[in-house]
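In what follows, a structure is listed as structure tokens, so that the remarks can point back to it.
The values are calculated or read from the model by the stated rules, or taken from the named source; none is laboratory data. Predicted model only: the values in this text are computed from it and were never measured. Virtual Cβ from ideal backbone geometry, glycine too; neighbours counted across all protein chains shown. The protein model used for the area step is the full one, side chains on, heavy atoms only, and it has no ligands, DNA or RNA in it. Shrake-Rupley method; radii C 1.70, N 1.55, O 1.52, S 1.80 Å.
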Amino acid sequence: MALVPTQEFDRIKEGVKRISRGFTPGQKAVTALGVIAVVLAAFLFMSFASRPSYAPLFTGLQPSDAGAITQRLAADKVPFQLANGGSTIMVPSNQVAQQRLAMAQAGLPASGPVGLSLLDKVGITTSQFTQQADYQRALQGQLEQTIDAIHGVSGSIVDLAMPTQSAFAVNPPNPTGASVVVDLAPGASLSPGEVQAIVHLVASSVPGLTTGKVTVADNQGTLLAGPGVENAVSGQQSQTSSQDQIVQGKVQSLLDSVLGPGNADVQVSSVLDFNKTTIKTHSIQTTPAGTPVTVPASTSNSAQKLTGTAPTSGGVLGAALPALNTTGPVTYTNTSGSTKLAVGTIDSTTKQAPGTVARQSVAVVVNSKAVKGLGSGGLAALRSEVAAAAGIDTARGDVLAFSAVPFSSAAATAAAKAAAAAAAAARKSKLLGMARDALLVLAVLVVLFLLWRSSKKASVSRTPVMLPPSLASLQQAMDSASLASAATSQLPVLDLGQLGSGREMRKDVADFIDSQPEDVASLLRAWMNEEQSAGASRPVG
């Protein structure tokens with residue numbers, strides 16, 4: 001059983017033939033080119049859409065590992081791509097996990113990153129020299145993996161100069177040294193803090209290594225840290241620049257909020273003290289009234305008491321003193337006491353951190369046109385606000401220069417013109433884009449209209465319709481009558497005797513309409529067009 005009836009297939013085939021006969025050779029060529037272009041675009045879209053996206057399978061491979069992995073992928077018929085000089089292998093993103101498991105099962109990559117895991121393979125029969133060499137390689141690889149984790153570092157190489165360890169050495173070994181080469185990502189750079197982090201990371205990971213023996217360089221050959229490189233100087237400059245930017249930002253924000261953007265210019269120059277200062281103070285503790293605070297430290301008291309009998313009479317021989325004439329008992333008493341007071345003292349130690357502001361100078365210039373409404377009092381108040389925002393301290397020698405002068409309008413005018421030109425260019429580009437899109441859409445619509453019109457004309461002016469015998473004889477009689485009337489300039493006379501019976505003619509007309517409705521409609525449109533053309537060309541009068 002056929003999926004499409006034969007009559008329906010023939011009808012479709014006949015319709016396609018009729019439409020193709022209505023096209024001119026040029027229209028057929030344009031249509032063929034359009035169909036070819038659509039098919040080609042669809043093919044390209046399908047090829048690009050079906051193309052797999054690749055993702056890295058392994059990176060940083062050794063040549064031996066890369067060769068073994070690519071050989072295994074080719075044997076498994078897995079598409080792959082090489083990048084970064086063959087050190088990176090990329091496979092379709094939907095097969096990355098599966099291929100990593102397959103390569104791990106095959107023991108690939110064989111070398112892998114060198115780290116402390118290298119020491120797992122050391123046997124008991126290994127010599128001391130080999131053990132030390134393996135330990136040095138493992139330590140270098142571990143440091144490389146750690147440094148590679150820093151943002152902006154895509155790779156690193158660490159070389160350690162470690163002295164030979166011997167239990168029988170009399171003299172102390174040579175000091176340990178290290179050199180680090182970092183491969184930075186495109187557009188990345190290391191700050192002084194990050195360089196110092198690498199130096200301290202390496203120094204703290206190797207026994208006997210000091211920070212002064214670590215040299216750091218980048219892949220461009222720039223020495224970042226090492227003996228003779230003053231890292232502190234770059235750090236001090238960065239801290240000073242940061243201090244200037246902070247103060248300048250505060251003052252500029254204040255002036256922009258008062259005068260508006262573009263009406264003030266601020267320049268800050270700071271001098272920071274990077275010396276480590278320790279201040280020790282020894283003072284006496286006093287009360288709020290100013291008297292020293294004392295505390296009894298120790299107290300001692302003593303008392304003596306003697307009793308006896310006085311002589312009845314007596315005196316000193318030869319003295320001109322009156323003679324003593326006392327009788328009865330005599331008592332002697334002696335009492336003394338002392339108190340030691342301790343004075344309160346205060347001992348304080350102040351350590352001044354490096355990087356404090358020793359002196360700063362701030363220069364502020366404002367537009368005189370913008371401060372006209374403030375007056376002298378407002379200008380003085382604005383100066384005080386600027387001094388407070390900048391933290392001006394006259395006791396330490398800070399300087400604030402504040403003046404109001406007319407600003408040049410050339411830069412503002414040029415900037416306004418540039419902005420206007422940029423806006424006009426953007427509008428012009430947008431309009432050109434819209435016009436281009438509109439012309440493209442219009443061209444497509446015109447082509448579609450012409451194709452539709454040509455197809456309509458083709459459906460009207462196609463080959464004559466196959467009429468039934470009675471209708472064909474009627475048409476021939478009408479054509480003959482028309483030709484005779486044209487030759488004699490008289491009305492056409494139709495000979496009805498040549499035609500069949502009316503019943504047969506009606507039957508033929510009904511069957512023709514039922515079987516070929518499209519042909520009937522086309523025939524009627526052709527007759528109407530002929531009538532309209534004849535009416536338009538017929539002379540009036």
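Some notes on this structure:
- Within region 129-141, residues that are in contact (Cβ under 8 Å) with a residue 40 or more places away in the chain and closer than 13 Å to V206 by Cβ have Cβ atoms under 8 Å from residues that are open to solvent by less than 40 Å² (accessible area, probe 1.4 Å) and of a type in the set (A, V, I, L, M) in these pairs: L139/L160; L139/V206, counting only partners at least 6 apart in sequence or on another chain.
- Restricting A303, A395, A381 to residues that are open to solvent by less than 90 Å² (accessible area, probe 1.4 Å), modelled with pLDDT of 80 or more, farther than 30 Å from N263 by Cβ and not in a loop (DSSP other than H, G, I, E, B) narrows the list to A303.
- Number of positions in region 366-378 that are in contact (Cβ under 8 Å) with a residue 24 or more places away in the chain and assigned to a helix (DSSP H, G or I): 0
- Residues in region 81-101 include none that are on the phi < 0 side of the Ramachandran plot, among the hydroxyl-bearing types (S, T, Y), exposed (fewer than 12 other Cβ atoms within 10 Å of the Cβ) and modelled with pLDDT under 90.
Residues are listed down the side, and each one gets a yes or a no for (1) among the hydroxyl-bearing types (S, T, Y); (2) loosely packed, with under 10 Cβ neighbours inside 10 Å:
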site	(1), (2)
A264	no, no
V268	no, no
D273	no, no
T277	yes, no
G290	no, yes
V293	no, no
S298	yes, yes
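- Residue in region 141-164 that is modelled with pLDDT under 80, out of contact with any Ser or Thr (no Cβ under 9 Å at 6 or more places or on another chain) and open to solvent by 60 Å² or more (accessible area, probe 1.4 Å) present: yes
- Test for M46: is it open to solvent by 60 Å² or more (accessible area, probe 1.4 Å), assigned to a loop (DSSP other than H, G, I, E, B) and modelled with pLDDT under 80: no
- Answer from A37, A66 - the residue that is open to solvent by less than 90 Å² (accessible area, probe 1.4 Å), within 24 Å of G155 (Cα to Cα) and either modelled with pLDDT of 70 or more or not in a loop (DSSP other than H, G, I, E, B) (or both): A66
- Within region 68-87, residues that are closer than 13 Å to Q99 by Cβ reach partners that are open to solvent by 90 Å² or more (accessible area, probe 1.4 Å) and modelled with pLDDT under 90 with beta carbons closer than 8 Å, at six or more positions or on different chains, in the pairs T70/L82.
- Tally, over region 336-352, of residues that are in contact (Cβ under 8 Å) with a residue 60 or more places away in the chain and open to solvent by 40 Å² or more (accessible area, probe 1.4 Å): 8
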